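Here is the structure we will look at.
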Amino acid sequence: MTAAAARQQKVLLLDGHSLAYRAFYALPAELRTSSGTPTNAVFGFTSMLIKAMQSLNTRIVAAAFDKGAPAERLQIRPEYKAQRVAAPDEFRQQIGLIHEVLSVLKIPVFEFSGVEADDVLAVLALNLAEQGAEVNILTADRDFFQLVGPNIKLIMNKRGLSDTVVYDEKAVRDRYGFGPENYLDFAALRGDPSDNIDGVPGIGEKTASKLINKHGNLEEVLEHLDELTPKIRLGLAEAGDRLLVNKEFFRFRSLSELTGQGVDESSLQIRLEDIRVGEWDFNRIRQLFDSLEFRVLYERLAADSPEAVEAATGFDAVVHEVGSAQALETLVARLGRENRLVVHVTGGPNPQSAPEEYSFALDGEALVLRPNGELSGERVVAALKPFLERTPLVTHGSKQVLQRLAAVDVVPEFISMDTEIAAYLVDPARGTYRLDELARHWLDRELKLDEPAEPRAQATLDLEGDEDSVTRPGLEAVAIAELARVLDEQLRRRGAWELFSGLEIPLARVLAKIEAAGIRLDGGYLDEMSVELSKELDATEAKIHEHAGGAFNIGSPPQLRQVLYERLGLKPSRKTKTGYSTDAKVLETLRQEH
């Protein structure tokens, strides 16, 4: 691949253990499969991976993991990571699961005994960047700031797992005031308490940044000790050569250095094509994700992958549009023979607007009826009303269906199944209950037509209009029919049928009526309440100012901090980055002090 072609490529490199640790401690330990297997680390890792791949729109991905003790750095600093408690068993057993996820996604993994993943990633990143690609390193380790350059960026978690920030050269300068080329000088001064590497007592991130910005690098800082305050000068003098050792310690190793540690040189001299993810086998991916109970993650992955839809099984159904008076008569005759009616009612964004589409599933066929032209809305409603009101309905989202039908004066007597509510009761932790997601999960099918092995029989109803335009709503009705059978069994097996039929379904009808009726507010009363509350607030604020000895903005933490700790002399209990805290918990501890 030429450099020009590579320049169009984005690469994603994963800092394996760093991301796994972050996920393990960011997500609750209660995140487990139904059989009790802990999955918080593997879930968080996989979630970050999928998000990064989709955000970058790349399938050029590789991961690196630590393997054994970091021999070379331990020779420099024997105390390296000595204070760390051994990783919990529940974390270590998830590393294997993470490797399974990477394997099924065909993402290559690099790990070498006694060599740190950081050094491996650095060599890979520099190699691929030299080829012209844009390299993005997904990590929680700030040491990678030293690697940022024109073709190398970092993706780091700002908080939690989903909130990330991308660091290029400008972002590093905005954060520290200096560029990536000076990060090692900064790290040497600051040290890394989490890895048991001491910096200089009294020199934190702010002071270290100021020193580097003023003097340029660590060596220049040490050359100008006489210009520093006595405390900092003493700390630097006592640290001495240890700081230069720190700088060497934090530096990423080169390919030749890793070769000297026993790494096969050819194993890291890769091209972009060597780490391009191959075609996914979505059956294998689904099996693994199902075993881990990662339904949402599978759906996120599949939704962004056209091959998942192509590989997935569709519905073997015939979809008709009922577009004439004669076809409507035939439909009505068929509806009269049904003792349970599968219907999907759709319309505009306002759920209380009249239906624009009625879709029925009858004996494996889908019939879609749209009021228009020859079939006016009044004519359609008159024909369907007896069946919709007196036949038990099977639908998805019964509250919305009831609202839409109420708009045309149709009031069903009985809802026998709502696949949306049933899916919630069976799996309340799912989060979303869209019909296509439920079909994918419970039926292992996509909302598409299967290609028939042989020509279908002639339609029993005249097909009017464009068949493709009716396929989606028709298939949704067929999906509801098949989901109803599966979820009915699930509800009964889990002992939730009485809750479903006795509480949830009647509640949906009540909620539909409440939303249609809306609420009435007494505007005058609320205005009077607002005036009274304003008076009370003004009086309370006046009392606060009296106790404080003067007026100030009570909504301003800095001003409140000045009043409490300087003017009133109260003893502060907790310090934050911006000063002593004034949060509710701290104020509770101070309430008896004044």
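The values are calculated or read from the model by the stated rules, or taken from the named source; none is laboratory data. Computed from a predicted model, the values in this text were never measured in an experiment. Here the Cβ positions follow ideal geometry from the backbone for every residue, glycine too, while neighbour counts run over all protein chains shown. Heavy atoms of the whole protein, side chains included, go into the accessibility calculation; ligands, DNA and RNA do not. Shrake-Rupley method; radii C 1.70, N 1.55, O 1.52, S 1.80 Å.
From the Cα trace of the stretch 527-580, what convex hull volume per residue do you get, rounded to a whole Å³?
Value for the stretch 527-580: 92 Å³ per residue.
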Review point. Can you list the aspartates and glutamates whose alpha carbon sits under 14 Å from that of K247, skipping same-chain ones fewer than 8 residues off?
Key: D143, E181, D185, D192, D198, E219, E220
Check your understanding: Which of the DSSP-defined H helices in the chain satisfy a minimum axial length of 18 Å, computed from C-alpha atoms, and a minimum mean Kyte-Doolittle hydropathy of -0.5?
Key -> 40-56, 89-104, 117-130, 377-390, 467-493, 505-517
Check your understanding: Near the amide H of I60, under 5 Å away, which other amide H atoms are found, from residues 5 or more places off or on another chain, if H is placed in the peptide plane?
Key -> L12, V277
Practice item. Give the ranking of D290, D118 by solvent-accessible surface, highest area first, calculated with a 1.4 Å probe. Key: D290, D118
Revision key, fill the gap. Expressed in angstrom and ordered largest first, the alpha-carbon extents of the stretch 121-179 along the principal axes are 32, 26, 16
Point to revise | K385 - accessible surface, heavy atoms, 1.4 Å probe, Å² rounded to 10 | key: 60
Point to revise | Tail weight of P(r) past 46 Å, computed on alpha-carbon pairs of the chain, percent | key: 42
Exercise for review: Mind listing the long-range amide H neighbours of L449? Cut-off is under 5 Å, sequence gap 5 or more, other chains count too, H placed in the peptide plane at 1.01 Å from N.
Suggested key: F315
Point to revise | Sequence-distant residues sharing a close amide H with A366 (under 5 Å, placed H) | key: V318, V319, H320
Check your understanding: Considering only protein heavy atoms and a 1.4 Å probe, what is the carbon-and-sulfur percentage of the accessible area of the stretch 458-594?
Key -> 53
**Study point:** Cross-link partners of K535 among lysines (Cα-Cα below 23 Å; sequence separation of 8 or more within a chain)
**Key:** K543
Check your understanding: Which whole-percent values make up P(r) of the stretch 463-583 when all C-alpha to C-alpha distances are grouped in 5 Å steps starting at zero?
Key -> 2, 8, 8, 8, 7, 7, 6, 6, 5, 7, 10, 10, 7, 5, 2, 1, 0
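Determine one quarter of the surface area of the Cα convex hull of the stretch 141-273, which equals its mean projected area, and express it in nm² to one decimal. It would help to have the intermediate numbers written out before the result.
On the way: hull surface 41.3 nm².
Hull-based average projected area comes out at 10.3 nm².
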Practice item. Enumerate the lysines that K571 could reach by cross-link, defined here as Cα to Cα under 18 Å, with residues fewer than 8 away along the same chain left out. Key: K585
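My understanding is that a pair violates if its Cα-Cα distance is over 26 Å; which of K158/K210; K106/K170; K51/K153; K170/K575 do that in this structure?
K106/K170; K170/K575
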Review point. With θ set to phi - 60° and the Karplus curve 6.51 cos²θ - 1.76 cosθ + 1.60, what are the ³J(HN,Hα) couplings of the stretch 581-594 in order, to the nearest whole Hz, using x for Gly and Pro?
Key: 6, 10, 6, 4, 5, 5, 4, 4, 6, 8, 4, 8, 8, 8
Study note, to complete from the structure: With the 1.4 Å probe rolled over protein heavy atoms, the stretch 340-451 has an accessible area per residue in Å² of 40
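What number do you get for the stretch 331-396 when its Cα radius of gyration is normalised by 2.2 N^0.38 Å, N = residues?
That ratio works out to 1.08.
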Check your understanding: What is the stretch 242-396's relative contact order, in percent, from Cα pairs under 8 angstrom and six or more apart in sequence?
Key -> 19
Review point. Normalised by the residues of the chain, what does the relative contact order come to in percent, with Cα pairs under 8 Å and at least six apart?
Key: 11
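Residues with beta-carbon under 13 Å from that of N157, excluding N157: net charge, scoring Lys, Arg +1 and Asp, Glu -1?
Numbers: positive: R22, K51, R142, K158, R159; negative: D15, D141, D163.
My count for the surroundings of N157 gives +2.
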Check your understanding: Translational D (Stokes-Einstein, µm²/s) of the stretch 240-300 at 4 °C and 1.567 mPa s when Rh comes from the Kirkwood sum over C-alpha pairs?
Key -> 80
Study note, to complete from the structure: Counting Lys and Arg as +1 and Asp and Glu as -1 over every other residue whose Cβ sits under 15 Å from the Cβ of H594, the net charge comes to +1
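Roughly how compact is the stretch 311-436, stated as its Cα Rg over 2.2 N^0.38 Å to two decimals?
Values: Rg = 14.9 Å, N = 126, 2.2 N^0.38 = 13.8 Å.
Cα-based Rg divided by the globular estimate yields 1.08.
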Review point. If one computes the Cα centroid of the stretch 89-167 and of the stretch 386-447, what distance in Å separates the two points?
Key: 44
